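Heads up: the structure comes next, in structure tokens.
The values are calculated or read from the model by the stated rules, or taken from the named source; none is laboratory data. Computed from a prediction, not measured in an experiment: that's the story for all the values here. Reconstructed Cβ throughout: ideal geometry from the backbone, glycine too, with neighbour counts over all protein chains shown. Only protein heavy atoms, including side chains, enter the accessible area calculation; ligands, DNA and RNA are left aside. Shrake-Rupley method; radii C 1.70, N 1.55, O 1.52, S 1.80 Å.
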Amino acid sequence: MARTPSMTAAEAEAAIGRRGEIVVTADNRGMVRKWFVAQGLPALFVGGLSMRELALAYNDTTGDQYARLLRKYEEAKESAGDEASDRAFETNETNQTVNSCNGHANSDAAALLEMLRRAVGSSVDASQVREIVDATIKDKAESIAADIKKIIWPVTRVQLVAPTGEIKDVDGPVHPNFPLLLRMAQARDCAGHHVNIFLAGEASSGKTTACKQLAKALERKWYFNGAISMPHEMLGFIDAAGNYHRTPFRDAYEHGGVYTFDEVDRSDPVALLGVNPHLANGVATFPDGQIQRHKDCLIICTANTWGNGANADYCGATKLDAAFMSRFPARLSWNIDKAFEISISGNEAWHAACKRRGRKRRPQDLRS
């Protein structure tokens, strides 16, 4: 039974490049071989092909060169005999032969070399056999590792369907709760405005990053500010010369966009009461006049708590007024996710090392 290819032909072609204009080199030869294996040719047979043969067959979109390789494969099977061809070209048997080459009798390695010579020509030497064996083992190991990672650390793929029917993929790794956040962002109230969203979770869990990713997915501008102590930090002010100074909140409210009020539970509760009416009534009074809320203005607050005040971990958090919290009917927990962290770092061992170091650090280490 032949081994399942580690990737599809389309995935391999995406990594190699468009057919018809590719130069096969030592750098991309392994990926080109994977393309042929995905097309149905045995890995051991493909490993014996020259770079010229690989390039001709890959770049020929008419299928003539690939058909020539199929004929060569069939002729090799016939010349080697049914039993020998089964051992030479079926993956399960190949793995057994590889093991014998690596650690058993030299006669087995010689037999493999002879089969390869009969299959792909007399140009095959011992170094090519080693290269084919190494490539086969590496390919199998990568395939197994990829399957294990898919089971242990599943990857979340998010797609956004536009009203026009167009499907758009969200780039990069995302938090497992991102699909739910995206659905919340589609909800609107009876007046047609986006419902306000409240994200609460641990520090460094990716709340602000998620807001940026959401703005990119929705193709809207992203606005941001941190904790405030006075209302004018959100509403703006008119200076002594009569000039009005705008804020990120004003820009998002008037022109639309994704507005992120970060660290909202570090703000002065009295200052928040000054913007309370603006979050629910669809109209806001700014120093230079009243402004209607844009239909595409999405307001998201992020915090480490649920507005209930300080706790053992976040002693600087303030208790938020119940009237302010009532303006956020959509609430979502956003804590640290291990799989998400690993997908960002791209290195599970490095992630584990950083975690261990973080646990070992003492207060005196932080001061140094």
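Numbers for the structure displayed
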{"item": "Which listed residue is closer than 27 Å to Glu219 by Cα and either touching a helix residue (DSSP H, G or I) at 6+ places or on another chain (Cβ under 8 Å) or open to solvent by 50 Å² or more (accessible area, probe 1.4 Å) (or both), from Ala271, Ala284, Ala241, Ala252", "result": "Ala284"}
{"item": "Test result for Val270, over 19 Å from Val195 (Cβ atoms) and of a type in the set (Val, Ile, Thr)", "result": "yes"}
{"item": "Breaking point among (1) small (Gly, Ala, Ser); (2) farther than 28 Å from Ala203 by Cβ; (3) in contact with a Pro (Cβ under 6 Å, 6 or more places away or on another chain), for Ala241", "result": "(3)"}
{"item": "Test for Arg246: is it modelled with pLDDT of 95 or more, open to solvent by less than 30 Å² (accessible area, probe 1.4 Å), at negative phi and basic (Lys, Arg)", "result": "no"}
{"item": "Residue check for Gly236: in contact with a His (Cβ under 6 Å, 6 or more places away or on another chain), touching a residue at least 24 places away in the same chain (Cβ under 8 Å) and open to solvent by less than 50 Å² (accessible area, probe 1.4 Å)", "result": "yes"}
{"item": "Matching residues, segment 57-69, being more than 17 Å from Ala26 (Cβ to Cβ) and either surrounded by 15 or more Cβ atoms within 10 Å (Cβ to Cβ) or charged (D, E, K, R) (or both)", "result": "Ala57, Asn59, Asp60, Asp64, Gln65, Tyr66, Arg68, Leu69"}
{"item": "Failed item in (1) modelled with pLDDT of 95 or more; (2) surrounded by 15 or more Cβ atoms within 10 Å (Cβ to Cβ), with Gln292 passing the rest", "result": "(2)"}
{"item": "Some residue of segment 43-53 being modelled with pLDDT of 80 or more, under 27 Å from the mean Cα position of the chain (by Cα) and open to solvent by 60 Å² or more (accessible area, probe 1.4 Å)", "result": "no"}
{"item": "Some residue of segment 289-306 being of a type outside the set (S, T, N, Q) and farther than 26 Å from Ala187 by Cα", "result": "yes"}
